[in-house]
Amino acid sequence: SEYLLLVKGADNVMLERAAQRNQTTLEAHLKEFSEEGLRTLVIGCRSLSAEEANSWLARYQEAQKATSDRDEKLANMAEIVEKSLELVGATAIEDKLQDGVPDTIEQIRKAGIKLWVLTGDKLETAKNIGFSTKVLTTDMDIQILDDELGTDLDSVEASWDCHNSDDEEEEEEVLRGRGLLVTGKILSHIWSTDGDYKRKQFQRVSTSCAVLIACRVSPLQKAELVEFIRNTVEPSPVTLAIGDGANDVPMIQAAQVGIGIAGREGRQAVNNSDFAIAQFRFLERLLLLHGRWNYRRACMFT
């Protein structure tokens, strides 16, 4: 006569759907876990009567059969049932790095390639992983765009003085010493703002650093960021996206070059990519050796 709905998700999403918004103890534990570099998820549940569950399942099946706006209708059905949740706990796991990841990233940065890390992790976790993978370094000027910290685009732009310099070598040297961390909530606010002012401002700020880490971003936001760079930066850059899970597929498909890593996350990323590799460290040879050879062949033919 009763059904139990179980839901898991990122803390910022789950806390908004909780029956009790004040979760001080849980938030303190999540922050502690994330500062240790652990990847966290929150688990919640809700009891549904048989009548309520059957009614929702019937409407959900209709949404699955929709031939237009199917994704939007499915998302609306999820919103209907995923509310007033009782939070039952959280999980924290260590996502161990593959061999050679820090060295590969270091070589890519030395090649002058700008690096963006798009992840669903918490801000603290993303920052710790950034240092462990050598995406961030201790001598960097790291700015954080986060509502909770009270930082915004205006303050970062003023701090960095985001205007083109006449001396390109001097400007490039300055950019190498800058890193930016931005949350998915800030990105949602930028995309939803009427007019292009905020987007142009974000474009100036995001291209005024060598490294950008976007945390707590959805798969759709990952793809939007790739398309944003492709459409707004001049001269138009060549973008490459690499991922290992189904949540990376929209990003991989949005970039000019998509690379999937085959592993424990499944083969969804591999099946939707242009190239497939077994480990992240193989990206160095694929990009800097085979990519260079291919570039030279193309130049000779043209």
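Within the shell defined by Cβ-Cβ distances under 10 Å, the residues around F280 carry a net charge of -2, with Lys and Arg each +1 and Asp and Glu each -1. Overall, the ratio between the Cα radius of gyration of segment 1-127 and 2.2 N^0.38 Å, rounded to two decimals, is 1.41. For segment 161-302, the normalised intensity computed at q = 0.08, 0.11, 0.22 Å⁻¹ comes to -0.27, -0.51, -1.38 (log10 of I(q)/I(0), Debye sum over alpha carbons, equal scatterers, no solvent). Among the lysines, which have Cα under 29 Å from the Cα of K73 when same-chain residues fewer than 8 positions away are ignored? Once the sequence-local lysines are set aside, what remains near K73 is K8, K65, K83, K122, K185, K222. With 0.36 nm allotted per residue and the present C-alpha distance subtracted, the L286-K200 stretch has 27.6 nm of extension available. Once divided by 2.2 N^0.38 Å, the Cα radius of gyration of segment 69-220 becomes 1.22. Working value for segment 96-153: equivalent-ellipsoid semi-axes of 23, 14, 10 Å, each the square root of 5 times a Cα gyration tensor eigenvalue, largest first.
Taking amide H positions as modeled 1.01 Å from N, with prolines and chain starts lacking one, the residues under 5 Å from A18 and 5 or more places away or on another chain are L85.
Potential lengthening of the chain between K8 and E79 amounts to 24.2 nm, from the contour at 0.36 nm per residue minus the alpha-carbon distance.
Debye-formula intensities of the chain, expressed as log10 I(q)/I(0) at q = 0.12 Å⁻¹, are -0.93 (one equal scatterer per alpha-carbon, no solvent). The charge dipole of the chain, taken about its Cα centre with unit charges on the Cβ atoms of Lys, Arg (+1), Asp and Glu (-1) only, comes to about 1180 debye. Distance from the Cα centroid of segment 201-264 to that of segment 59-75 is 28 Å (rounded to whole angstrom).
Counting other Cβ atoms within 10 Å, which trypsin sites (Lys or Arg not before Pro) in segment 174-263 have at most 15 and lie in a DSSP loop?
Qualifying residues, ordered by number: none.
The residues of the chain have, on average, 60 Å² of accessible surface per residue, using a 1.4 Å probe with all protein chains present. Here R21 and F275 are evaluated by their C-beta separation; at R0 = 51 Å the FRET efficiency comes out at 0.65. Rounded to the nearest percent, how much of the accessible area of segment 125-262 (1.4 Å probe, protein heavy atoms only) is carbon and sulfur? So the carbon and sulfur contribution to the accessible surface is 47 percent.
Simple rule: put +1 on each Lys or Arg Cβ and -1 on each Asp or Glu Cβ in segment 1-97, find the dipole, and look at L48, T24, L38; the Cα lying farthest toward the positive end is L48.
Summing charges over neighbours of E94, with a neighbour being any other residue whose Cβ is under 10 Å away from its Cβ, gives 0 when K and R count +1 and D and E count -1. Testing the spin-label approximation: label points 7 Å from Cα along Cα→Cβ at L57 and K110. State their distance in nm. Once both label points are built, they end up 5.9 nm from each other.
Taking a sphere under 13 Å around the Cβ of A63 and counting the other residues whose Cβ falls inside, with K and R at +1 and D and E at -1, yields a net charge of -1.
Just the number, please: carbon plus sulfur as a percent of the accessible area of segment 1-117, 1.4 Å probe, no ligands or DNA/RNA counted.
After summing per-atom areas, the C and S share lands at 47 percent.
The values are calculated or read from the model by the stated rules, or taken from the named source; none is laboratory data. Predicted model, so just to flag it, every value in this text is computed and none were measured. Cβ sites come from the backbone with ideal geometry, for glycine too, and all protein chains shown count toward neighbours. Heavy atoms of the whole protein, side chains included, go into the accessibility calculation; ligands, DNA and RNA do not. Shrake-Rupley method; radii C 1.70, N 1.55, O 1.52, S 1.80 Å.
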